[in-house]
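No value in this document is a laboratory result; all are computed from the given coordinates. Worth saying up front: this structure is predicted, and the values here are computed from it rather than measured. Cβ: placed from backbone, ideal geometry, glycine included. Neighbour counts: every protein chain shown.
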Amino acid sequence: MQDFYDVLKKKEPFHSLSDAEIEQLMVSAHFSTYQKGEFLYHEDEDTNTLFLLVSGIAKNIVHKANGQQTTMRFYYPGDLVGLMIMLTDESMTFSVQANEDCQVIRIKKEVMLKIMTENPAFSHNVLDTIGERMRSLYDEIKQERDRESDGENIALYRTRVSSIMDSMVTIPPSYTVLEAAELFRSNNYDGVIVSEDRESVLGTVTPLEIISALTRGEFQDPIHKWMYQKPNLVEEDAFSYEALAYLKYHKVSLLPVVKRDRLVGMVSAKSFLGIQESAYLDLSYRLSRAKELDEIMNLSPPIHEEFRSFIQELLDANTLGYEICEMMSNYNDEMHRRVILLAEKQMMQEGYGRAPVNFCFIVMGSEGRKEQAFSTDQDNGLIIDDYEHLDHKSEIETFFSVFSEKINAMLTTCGLPECDGGIMAKNAKWRRSLSNWQKEVNRWITETDAEEIRNFTIFMDFRPVYGDFDLSRTLRSRITERIRKAQTLQMLLMKDTVRFRVPLNPIGKIQLRGKEKTLDLKKAAIMQIVNGIRIFAMKYGVEEVNTIKRLHELKKKEVFHHRDVINIETALHYLYTFRVRQNLHQLNNGIEISNLVRPIEWEKEERRKMREALLVAKRMQQVSELSFRRNRSI
């Protein structure tokens, strides 16, 4: 007890308490220890306890909207955990986990509040501490958002003003304020342009100008007296972000759009909703708020007609095939996250509680590479924070076994069938601690054979979708150098890549097999390109997972020439477009989804594209075979 007293007496805000008040705290307090990886408490957990850290380091954990865990701060000896929640009846908004073995003093919240009401000086110190914590948290959150914003609103940088502008609405300068007001009322306009000839711009009028005139009783004034004069004009071929920046920073709400000084349209803040009001983003929003399995299932890509229509629109607009696949993969990521959250909820309801240690749910294969189409199955796994040293090891293993079964079962219900090869988190082989995964990779490198090499190929495309992403990043960084030096492994991967030959005869003509004259897009071409790029990425220490990103990293390392990169990108665009288009045809006609196509039914231009893609795949296969048969450089 003396140790408790010494810690409390020296720690703010407790230093202002009398001996009797510290004794009052100590009567209800008790001492606890937590091993590395254990949680002091979980978010959304009701607790009436404050935690004073005596020794060790702990960290708080919150979940972002994308499923990633992030840490806002660390706690060090002397820090009081749970202080900001103390003055509310709310549950905890974050989890706290022992970063190393920790000792804490658990203090009853009601005792703390009682002393605060009786000791104004102590209460003042506590509130000061909370205020400082809030200011610190605000700064951290602001910095985090600034970092995240770098990758947001990509559409603004790709979209021209001409594609989002509204049809222009003009009125002559002689219009009265009352006439303009009636026009706004009856048509719900956000703004109009004042023009004498519908080509030149005199000014703009928004509800703000109308209200200003009406409040002064100037109903019959000509509108040119109240219009916003000399508004900034934006060219129709400017990027959308340029117009948005002007609206935001100049505090105007309407911009006339011109083409070579001639009025062609206008943009307002509402115009930018067009970038967001797509079927994809609407479905993504609904999916992100789905609470029940039926809701998630009904929003699944193979099932939802609106999603399929959106993908068809992308194809019709000649969107790059691999960008369509990336959008589909992002949508599937969200479906995974909703399922995992639902599984966590079920684990709580069934008495298992929350995850006892950190974990990261990973996807692999085409989903991991963000090259997903409609024809897919589950390839996933779990990286669990090292737990073998903990006393309740068996309880942790039971938790994640049950948890994984739930996730895989619900994903199946949502239209993602189980992997025939069993590459799923519910199987212990694909559910390991961080250290155990590292050992398994080392075993693969030294002992793997032709059978297991395909599993390793799928594994190498792993990517985190939920949980502690640092576990995934740590595993990737630990194995990259080891794999880079594994020449025998690279040779086995090459042999696996060439087991399916590209169906081109010696004069470059497509060879179709079987009575149906079909071609398997995956085995005939996609696999050759994707696998080849993966092997080169491994050899040169590239940690990217997506094939296009791997390709560009290899270009930076001067492994591939710029012209080769363009050829490969074009081939992947063709192949993924063919694949998605065929999947849509199969879904719309009740045909089982597969990678089989019949080029003999295509137009001449489509067959030409297929042949070009196959030539690139054959070239990639040859380069891989020559480069890795004896581990020579390219």
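Points 7 angstrom from Cα along the Cβ direction at Arg198 and Ser167: gap in nanometres?
Going from the Arg198 label point to the Ser167 one covers 1.1 nm.
Under 8 Å for C-alpha pairs, at least 6 residues apart: give me the relative contact order for the chain, rounded to a whole percent.
10 percent
Any chance you could run the full-extension gain for Glu558 through Glu447? It's 0.36 nm times the residue separation minus the Cα-Cα distance, nm to one decimal. Walk me through the numbers on the way to the answer.
Details: separation 111, 0.36 × 111 = 39.96 nm, distance 3.17 nm.
Gain on stretching Glu558 to Glu447: 36.8 nm.
Going 7 Å from the Cα of His63 along its beta-carbon direction, which residues of the stretch 337-355 have the amide nitrogen within less than 14 Å of the resulting point?
337-349, 353-355
Starting from the Cα-Cα distance between Ala20 and Thr319, subtract it from 0.36 nm times their residue separation and give me the gain in nm to one decimal.
Values: separation 299, 0.36 × 299 = 107.64 nm, distance 7.29 nm.
Here the segment from Ala20 to Thr319 would lengthen by 100.3 nm.
Check each of the trypsin sites (Lys or Arg not before Pro) in the stretch 353-448 and keep only those in coil by DSSP with at most 16 other C-beta atoms within 10 angstrom; list them in order. Don't jump to the answer; show the numbers that get you there.
Values: sites: Arg354, Arg369, Lys370, Lys393, Lys406, Lys426, Lys429, Arg431, Arg432, Lys439, Arg443; in loops: Arg354, Arg369, Lys370, Lys426.
Those satisfying the criteria are Arg354.
About the Cα centre of the stretch 515-634, what is the dipole size in debye to 20, counting +1 per Lys and Arg Cβ and -1 per Asp and Glu Cβ, all else neutral?
Details: 25 positive and 15 negative charges, 88 e Å.
Approximately 420 debye in magnitude.
Given the pairs Lys36/Lys393; Lys495/Lys618; Lys495/Lys523; Lys36/Lys426; Lys509/Lys609, which are separated by over 18 angstrom at their Cα positions? Walk me through the intermediate numbers first.
Numbers: Lys36/Lys393 13 Å; Lys495/Lys618 14 Å; Lys495/Lys523 14 Å; Lys36/Lys426 25 Å; Lys509/Lys609 12 Å.
Result: Lys36/Lys426 exceed 18 Å.
Counting helices only, and only those DSSP H runs with n ≥ 4, report the 222 nm mean residue ellipticity of the chain as the sum of -39,500 (n - 2.57) divided by its residues, in deg cm²/dmol to the nearest 500. Walk me through the numbers before you get to the answer.
Working: 23 runs with 305 residues, N = 634.
Here the helix-only value at 222 nm equals -15500 deg cm²/dmol.
Taking the simple approach of a point 7 Å from Cα along Cα-to-Cβ for both Asn589 and Glu440, what is their distance in nm?
Spacing of the two 7 Å Cα→Cβ label points: 4.0 nm.
Quick one: Cα convex hull volume of the stretch 417-536, Å³ per residue? Write out the running numbers ahead of the final one.
On the way: hull volume 17.1 nm³, N = 120.
Taking the convex hull of the Cα positions in the stretch 417-536, it is 143 Å³ per residue.
State, to one decimal in nm², a quarter of the convex hull surface area for the C-alpha atoms of the chain, i.e. the direction-averaged projected area. Please report the intermediate quantities before stating the final value.
Working: hull surface 152.2 nm².
Answer in nm², one decimal: 38.0.
Within the chain, which DSSP H helices have Cα atoms that stretch 30 Å or more along the helix axis and a mean Kyte-Doolittle hydropathy of at least -1.0? Show your work: numbers first, answer last.
On the way: long enough: 120-148 (41 Å, -1.20); 321-349 (42 Å, -0.58); 393-413 (31 Å, 0.13); 562-588 (39 Å, -0.53); 604-628 (36 Å, -0.89).
Going by DSSP H runs, the hits are 321-349, 393-413, 562-588, 604-628.
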